[in-house]
Amino acid sequence: MPEKNAIVLLAEIRDLKQQLKEKEQELSALLATQKDSVLENKYCNNALSAEEITRYSRQVLVPEIGIDGQALLRNAKVLVVGAGGLGCPASVYLASSGVGQLTIVDYDEVELSNLHRQILHSEDDINRPKVESAYDKLHSINRSIKVIPLKLHVDSDSIKKLLGSNKYDVVVDGTDNVATRYLLNDACVLNGIPLVSGSALQLEGQLTVYNYKGGPCYRCLFPVPPPPETVTSCGDGGVLGPVPGIIGVLQALETIKIITNSPGVLSGRLLLFDGSRTKFRDIKLRPRNTECNMCGDDPVIKDLVDYEQFCGAAAHDKVINIDILENKEHVNVEEFSKKLGKRLVLDVRPVIQFQMCGLPKSYNFPYDCIDKQENLEKLRHLIKEENSDLKDVYVICRRGNDSQRAVRKLKENLSDLPVKFFSVKGGLQEFSRKIDPDFPVF
Ligand SMILES: Nc1ncnc2c1ncn2[C@@H]1O[C@H](COP(=O)(O)OP(=O)(O)OP(=O)(O)O)[C@@H](O)[C@H]1O
């Protein structure tokens, strides 16, 4: 038999996957047509089919759910925004609990660094759209519900279309940036939909429900976006996988409680999870602000706005890259790599990131404390010693934002030295992409 090469095998696998998908769609359609006749099973309460009774028996037995609660779940429509660390665990439990229609939205593709916490995605899914991989897993967990995967960036226009085309019962915020948080809040207030909000960073997580039965909305508590320096993403600060896992699962729990009209929904309260001590704390939030611009008695905001602009630099800087230096103060990675080993390189990432991986012969001066007197003295010494006959100092960080801020600070504080500071465009991520893929991206 002639040997097959990898490309032929891959093409065959793709065809088989496509065939499998088509068969699954056929099966779903068949199950959907059978559902009505199954509902007429002479042994069953008509609200649930025999299959539903068996599948959901363990939760139907819970007094707060019962047959009526399960029927409410089947008729419910939930929108999950973000198929990442929070959205994955949330949607696993929403799908397995039998939420009838689950729409899952994300614009991103699966990366290796997602897999430690984004439990719907696996190694085979790397570079696939997250929503496709989420669809496959959710569909295989529960074929009797409708899962709708949408690969798109949720912004003011797309959320209007989304909420206009379906009457969602709950929106779950599984995103990681301030702009989308405000956007989802405002869209939910305008459409009268409860918003289940969560966040996780390092070993800590938070959870609350906004806009539920007269409770506060996000803007009641945070009328203005936070200062950019207080916003840390998982990409910068890190996160331990089980923490978003716990918060995402609790988002599913609150969603189920809302749909089934169960008591004790986490509205007007904020749950704080501290994973380092395995402790939960529950704090009372201020009630709805009657003067809130969004949900107050006389709201000022009557339509969605431009949230990237509203949040400014506090918006995700994965999306918005800052550009605060003049062109001549930048150097691209191609030019930079030619100078590597011949010029002084300052890596301004946090210590832990530098310990994880760094360029040879680079020095770590974290941006946060680069202008402390002792660090400036060390730098002054280093530049004089190491750079006696060299005039350029290259400053690099993860994505090319902090390096620009650092160049500004260095120019202000070391203006007496006869050197020029350059920020490396796109940072180490760009270096890894264009120059040396052996440098780990994260
Ligand atoms: N406006 C938006 N529209 C659609 N999806 C969004 C939006 N904002 C954020 N997301 C998605 O929400 C998810 C959040 O996931 P998570 O917080 O685990 O971080 P990540 O972006 O996947 O990873 P990392 O921060 O480590 O790079 C991401 O998949 C992201 O693409």
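The values are calculated or read from the model by the stated rules, or taken from the named source; none is laboratory data. Values in this document were obtained by computation on a predicted structure and should not be read as measured data. All Cβ positions, glycine included, derive from the backbone under ideal geometry; neighbour counts span all protein chains shown. Accessible surface areas use protein heavy atoms only, side chains included; no ligands, DNA or RNA. Shrake-Rupley method; radii C 1.70, N 1.55, O 1.52, S 1.80 Å.
Overview of results
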| read-out | value |
| --- | --- |
| Contour excess over end-to-end distance, with Cα ends at residue 282 and residue 369 and 0.36 nm allotted per residue | 27.9 nm |
| Helix-only [θ]222 nm of the chain, DSSP H runs n ≥ 4, -39500 (n - 2.57) each, per residue, nearest 500 | -12500 deg cm²/dmol |
| GNM flexibility winner over the chain from 16, 48, 150 (Cα, springs under 10 Å) | 16 |
| Accessible area in square angstrom per residue, the stretch 79-175, 1.4 angstrom probe | 37 Å² |
| Zone residues, the stretch 265-299, relative to residue 213, backbone N less than 19 Å from point 7 Å out along Cα-to-Cβ | 265-271, 283-289 |
| Label-to-label distance, nm, for residues given as residue 249 and residue 140 (7 Å Cα→Cβ offset) | 2.1 nm |
| Interchain or long-range residues, amide H under 5 Å from residue 272's placed H | 281, 282, 283 |
| Listed residue pairs exceeding 32 Å between alpha carbons, taken from 42/77; 130/361; 302/409; 77/302; 279/302 | 130/361; 302/409; 279/302 |
| Computed label-point distance, nm, for sites residue 329 and residue 269 using a 7 Å Cα→Cβ extension | 5.0 nm |
| Modelled FRET efficiency - R0 45 Å, residue 338 with residue 305, Cβ distances, 0.05 increments | 0.50 |
| Surface accessible to a 1.4 Å probe, residue 363 within the full protein complex, Å² | 70 Å² |
| For residue 204, distant residues with modelled amide H under 5 Å away | 275 |
| Pairs of alpha carbons in the stretch 256-361 whose separation is greater than 24 Å (percent) | 64 percent |
| Solvent-accessible heavy-atom area per residue, rounded to whole Å², over the stretch 327-434 at 1.4 Å | 52 Å² |
| Filter on 4/151; 4/146; 151/339; 342/425 - keep pairs with C-alpha separation over 29 Å | 4/151; 4/146; 151/339 |
| Probe 1.4 Å - accessible area at residue 381, Å² to nearest ten | 120 Å² |
| Choice from 235, 198, 248 showing the highest fluctuation, given a GNM over the chain with Cα pairs closer than 10 Å | 235 |
| Sum of side-chain charges, residue 336 neighbourhood, beta-carbon under 14 Å (Lys, Arg +1; Asp, Glu -1) | +2 |
| Over the chain, relative contact order from alpha-carbon pairs under 8 Å, at least 6 apart, % | 11 percent |
| Accessible-area composition of the stretch 62-311, carbon plus sulfur, in percent [1.4 Å probe] | 53 percent |
| Spin-label pair residue 297/residue 166, simplified geometry with 7 Å Cα→Cβ offset, distance in nm | 3.7 nm |
| Solvent-accessible ranking of 240, 201, largest area first, probe 1.4 Å | 240, 201 |
| Pair-distance profile P(r), taking every C-alpha pair of the stretch 327-434, with 10 angstrom steps and integer % | 16, 54, 28, 2 |
| FRET efficiency, 1/(1 + (r/R0)^6) with R0 30 Å, evaluated for residue 191 and residue 108 via beta carbons | 0.75 |
| DSSP-defined beta bridges in the chain - what % are antiparallel, rounded to 5 | 35 percent |
| Set of aspartates and glutamates with alpha-carbon distance to residue 161 below 20 Å, sequence-local pairs under 8 removed | 106, 108, 169, 173, 186, 303, 306, 308 |
| Quotient of C-alpha Rg and 2.2 N^0.38 Å, computed over the chain | 1.16 |
